[in-house]
Amino acid sequence: MNVLSRGLACAVITALTFVGSEAFAQKQISNKLGGLSLDAHLPDVGKNDCQIQLWTDFGLGNQRWNITGVGGGYYKITSAVSGKALAAHLFDVHRNGCRIQLWDYIGFANQQWKISQVDGGYVKIVNRASGKALAADLFNARNNGCPTQLWDYIGWDNQMWRIN
């Protein structure tokens, strides 16, 4: 086995280990298109309805996430700072463009996510309630403050994430 083959094998094993595991703490989640990190708006990180956006990673707590299995292959993704859960806006959850926010975790399907391997060590993060994927706004994914939303999964880079 050459070095490249070993490296690819390790990458696949690492990805499969993540998808099958039940809990990970203090993880950075970054978008493939712009490389920016999932970020809870810092002044509001402790409040329900806190905006989730993309931002240059500074290693701050509002850019770190705990990922915990809730059963059935789904996960809750919570802020490492506030413990509030990543949630699709409940009343718009079936609509493309549905905004993503933080909310107290109450176990609703709009707060649960399936994390599945896609190409190159990236994952797609799909909402349980709608089956729609977490996505960066396509036209702003390289800009700090880029909104996050749900959208039908079509495999574009703005819907792919790296979890480190």
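The values are calculated or read from the model by the stated rules, or taken from the named source; none is laboratory data. Computed from a prediction, not measured in an experiment: that's the story for all the values here. Neighbour counts run over all protein chains shown; Cβ positions are idealised from the backbone, glycine included.
Residues in segment 31-56 that are free of Cβ contacts under 8 Å to residues at least 60 places away in the same chain and at negative phi: Ser37, Asp39, His41, Leu42, Pro43, Asp44, Val45, Gly46, Lys47, Asn48, Cys50.
Would you check which residues across segment 141-158 are in contact (Cβ under 8 Å) with a residue 40 or more places away in the chain and more than 12 Å from Val93 (Cα to Cα) and list them? Give the derivation first.
Of segment 141-158, the ones in contact (Cβ under 8 Å) with a residue 40 or more places away in the chain are 141-152, 156-158.
Once the filter is applied, which keeps residues that are in contact (Cβ under 8 Å) with a residue 40 or more places away in the chain and more than 12 Å from Val93 (Cα to Cα), segment 141-158 yields Ala141, Arg142, Asn143, Asn144, Gly145, Cys146, Pro147, Thr148, Trp156, Asp157, Asn158.
Restricting the search to segment 60-79, which residues are touching a residue at least 24 places away in the same chain (Cβ under 8 Å) and not β-branched (Val, Ile, Thr)?
Taking segment 60-79 and keeping what is touching a residue at least 24 places away in the same chain (Cβ under 8 Å), we get 63-70, 73-79.
Matches in segment 60-79: Gln63, Arg64, Trp65, Asn66, Gly69, Gly73, Tyr74, Tyr75, Lys76, Ser79.
Note on segment 129-145: residues that are in contact with a helix residue (DSSP H, G or I) (Cβ under 9 Å, 6 or more places away or on another chain) and either closer than 16 Å to Ser116 by Cβ or not in a loop (DSSP other than H, G, I, E, B) (or both) amount to 5. Could you tell me whether Gly155 is in a helix (DSSP H, G or I), touching a helix residue (DSSP H, G or I) at 6+ places or on another chain (Cβ under 9 Å) and not aliphatic (A, V, I, L, M)? So Gly155 does not fit the description; no.
Give me the residue from segment 115-164 that is of a type in the set (Val, Ile, Thr) and in contact with a strand residue (DSSP E or B) (Cβ under 7 Å, 6 or more places away or on another chain) and, out of that set, nearest to Ile29 (Cα to Cα). For segment 115-164, the residue satisfying everything is Ile163. Scanning segment 62-88 for residues that are of a type in the set (Gly, Ala, Ser) and either within 23 Å of Lys132 (Cα to Cα) or surrounded by 15 or more Cβ atoms within 10 Å (Cβ to Cβ) (or both) returns Gly69, Gly71, Gly72, Gly73, Ser79, Ala80, Ser82, Ala85, Ala87, Ala88.
Check every one of the strands (runs of 3 or more DSSP E) wholly within segment 49-114 and list those with 2 or more residues that are within 15 Å of Ser30 (Cα to Cα) and under 16 Å from the mean Cα position of the chain (by Cα). Give the derivation first.
Numbers: elements: 50-55, 65-71, 74-79, 85-88, 100-103.
Answer list for segment 49-114: 50-55, 65-71, 74-79.
Yes or no: segment 114-124 includes at least one residue that is touching a Gly at 6+ places or on another chain (Cβ under 9 Å), of a type in the set (A, V, I, L, M), touching a residue at least 24 places away in the same chain (Cβ under 8 Å) and surrounded by 15 or more Cβ atoms within 10 Å (Cβ to Cβ). Yes: segment 114-124 contains one or more residues that are touching a Gly at 6+ places or on another chain (Cβ under 9 Å), of a type in the set (A, V, I, L, M), touching a residue at least 24 places away in the same chain (Cβ under 8 Å) and surrounded by 15 or more Cβ atoms within 10 Å (Cβ to Cβ).
One residue alone among Leu38, Leu16 is modelled with pLDDT of 95 or more, among the hydrophobic types (A, V, I, L, M, F, W, C), under 20 Å from Gln117 (Cβ atoms) and out of contact with any Gly (no Cβ under 7 Å at 6 or more places or on another chain), and that residue is Leu38.
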